[in-house]
Amino acid sequence: MNVTHPRRPARLLLASALAALLLTSTACSSKAGGDSTGDGADGVKSGPGVTDKTVKLGALTDLTGPYATLGKSIVQAQKMWADETNAAGGICGRKVEIVVEDHGYDVQKAVTAYADISPDVVALPQVIGSPVVAALLDDIERDKMLTFPQAWAASLLGKQSVQVLGTTYDLDMIAAVDFLTRTKGLKKGDSVGHVYFEGDYGANALEGSTWAAERAGLKVVDQKIKATDTDLSAQVSALRKAGVKAILISAGPAQTASLAGVAASRGLLVPIVSNAPGYAPQLLKTPAAKALLGLLSVVSGAPAVSTDLPGVQKMVAAYGKKFPGSPVDSGVLSGYNAAQLMGADLKKACAAGSLAREDVIKAHRSQQNADTGLGSPQDFSDVDRPAGLKTYVLKPDAKAVGGLVGVEDAHTAPGVEEYLKSRTS
């Protein structure tokens, strides 16, 4: 005789509901594109940009605009780091991939590019341009996307997700004024010119030069320019008329070349000091080469690639082998250093059991003495302070790797701590 079990339909319904719930949970643990947002097979918590097999990083770069040379160097250096890392077993047992988007130094293109890649990467070891980063700040903070700008404006400090590596533009210009007063004979009452890009880069550099000049009893004659201004004849005329004894420049390589070339041709043979983004070794193959070799110094938070630091020498040799014919410039060092630091953060996050974005940031902020062997150690624990305070002074040299040699080793310029306190008081 058949016996009816009245509870069986309910059990079947319950089993079906549980199966549906499990399927739904499984579907929710993966986003479009296959990036896991749950735990990996190895128990490591993951999130956007991370699967059991890959860790994807993003690069918003300039390959077609005013910093195309810099962008190419950074991209190649970071791809070299990724290849080296993968050959050594990857990060957390996962292969590293770098997704590159070219914005051409166009802010709107960068915003679109960020929207395209942000769902699929865990962090950004490269974003070129202060205006670009400024436009993306809200999105980066919302997405908890650890971001290393290839930009050094102090306005980018104070954000948990954004890390300016090394010194900021203002600290570099404080060091530049100190260098001029110590070694180039500038004294109280003298005037110093400052040519600078409009926007965060130039404005922040001008903050530093103005503060340092006031402290030293100097007068700043400022000349604001646009990124599209490549003939600085008018600015040189104004500075010559003002009787400046030295010139600071916070712009791009094309502007530095024009400034030095025009100044020399008009007899304004005064020292010129540039922020690091204002110089590229390719300038030594232009008509401005002689003027640059004779007048220019560069202040930077990073050493020259011609330095004898073992870590830098190893990087230079590897880059030359991997990209024969490509110049080994400051962008190579900057990009490789950023990638190394990002890799250290990811490894630390993995060791703590999570590659989720917020945990990568937590790992990063716990680093108080990050040292890649490529320059000065850095402290990432205070979001409101630059990670580094020490600057190098460099000068052009056509025979040197990267077209620069060291003049002064890393040091903290007098007044830097006083300046930082004045900014926060």
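The values are calculated or read from the model by the stated rules, or taken from the named source; none is laboratory data. Only a predicted model underlies this, so the values are computations on that prediction, with no experimental measurement involved. In this analysis, Cβ positions are derived from the backbone assuming ideal geometry, glycine residues included, and neighbour counts consider all displayed protein chains.
Annotations for the structure displayed:
- Taking the conditions (1) in a helix (DSSP H, G or I); (2) buried (at least 23 other Cβ atoms within 10 Å of the Cβ) in turn, Ala59 satisfies each one other than (1).
- Answer from Val273, Val312 - the residue that is among the hydrophobic types (A, V, I, L, M, F, W, C), in the same structural domain as Val132 (by TED's automatic domain parsing), touching a residue at least 12 places away in the same chain (Cβ under 8 Å) and touching a helix residue (DSSP H, G or I) at 6+ places or on another chain (Cβ under 9 Å): Val312
- The C-beta contact set for the stretch 57-74 (first residue basic (Lys, Arg), second residue modelled with pLDDT of 95 or more, distance under 7 angstrom, 6+ apart or interchain) comprises Lys72/Leu63.
- Every test in (1) modelled with pLDDT of 95 or more; (2) buried (at least 18 other Cβ atoms within 10 Å of the Cβ); (3) touching a strand residue (DSSP E or B) at 6+ places or on another chain (Cβ under 8 Å); (4) not aromatic (Phe, Trp, Tyr) is passed by Ala77 save one, and that test is (3).
- Inter-residue pairs, beta-carbon under 6 Å, first not assigned by TED's automatic domain parsing to the domain that holds Lys72 and among the β-branched types (Val, Ile, Thr) and in the stretch 97-118, second surrounded by fewer than 18 Cβ atoms within 10 Å (Cβ to Cβ) and in a helix (DSSP H, G or I), 6+ apart: none
- Of the residues making up the stretch 91-101, at least one is within 16 Å of Ala68 (Cβ to Cβ), at pLDDT 95 or above and not in a helix (DSSP H, G or I).
- Qualifying positions in the stretch 378-414 - acidic (Asp, Glu) and in a strand (DSSP E or B): Glu408, Asp409
- Unmet criterion (only one of (1) of a type in the set (A, V, I, L, M, F, W, C); (2) out of contact with any Phe, Trp or Tyr (no Cβ under 6 Å at 6 or more places or on another chain); (3) crowded, with 22+ Cβ neighbours inside 10 Å) for Val405: (3)
- Hey, Val312 part of a helix (DSSP H, G or I) and within 21 Å of the chain's Cα centre (by Cα) or not: yes
- Residue identified as surrounded by fewer than 17 Cβ atoms within 10 Å (Cβ to Cβ) and among the small types (Gly, Ala, Ser) among Gly294, Gly278: Gly294
- Every listed requirement among (1) over 20 Å from the mean Cα position of the chain (by Cα); (2) at pLDDT below 95 is met by Val55 save one, (2).
This table checks each residue for (1) in contact with a helix residue (DSSP H, G or I) (Cβ under 7 Å, 6 or more places away or on another chain); (2) part of a loop (DSSP other than H, G, I, E, B); (3) over 30 Å from Glu418 (Cβ atoms).
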| position | (1), (2), (3) |
| --- | --- |
| Ala110 | yes, no, yes |
| Ala113 | no, no, yes |
| Asp138 | no, no, yes |
| Pro149 | yes, no, no |
| Val164 | yes, yes, no |
| Ala175 | no, no, no |
| Thr181 | yes, no, no |
| Leu206 | no, no, no |
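- Residue check for Thr228: outside the structural domain of Ala123 (by TED's automatic domain parsing), at pLDDT below 95 and either over 30 Å from Ala370 (Cα atoms) or surrounded by fewer than 17 Cβ atoms within 10 Å (Cβ to Cβ) (or both): yes
- Scanning the stretch 320-342 for residues that are within 29 Å of Ile361 (Cα to Cα) and either surrounded by fewer than 24 Cβ atoms within 10 Å (Cβ to Cβ) or not assigned by TED's automatic domain parsing to the domain that holds Val127 (or both) yields Gln340, Leu341.
- Test set (1) under 20 Å from Gln150 (Cβ atoms); (2) outside any loop (DSSP other than H, G, I, E, B) - Glu417 fails condition number: (1)
- Top-ranked residue in the stretch 231-262 [being within 26 Å of the chain's Cα centre (by Cα) and assigned to a strand (DSSP E or B); ranked as surrounded by the fewest Cβ atoms within 10 Å (Cβ to Cβ)]: Ile247
- Which listed residue is of a type outside the set (Gly, Ala, Ser), crowded, with 22+ Cβ neighbours inside 10 Å and farther than 27 Å from Ser297 by Cα, from Leu355, Leu394: Leu355
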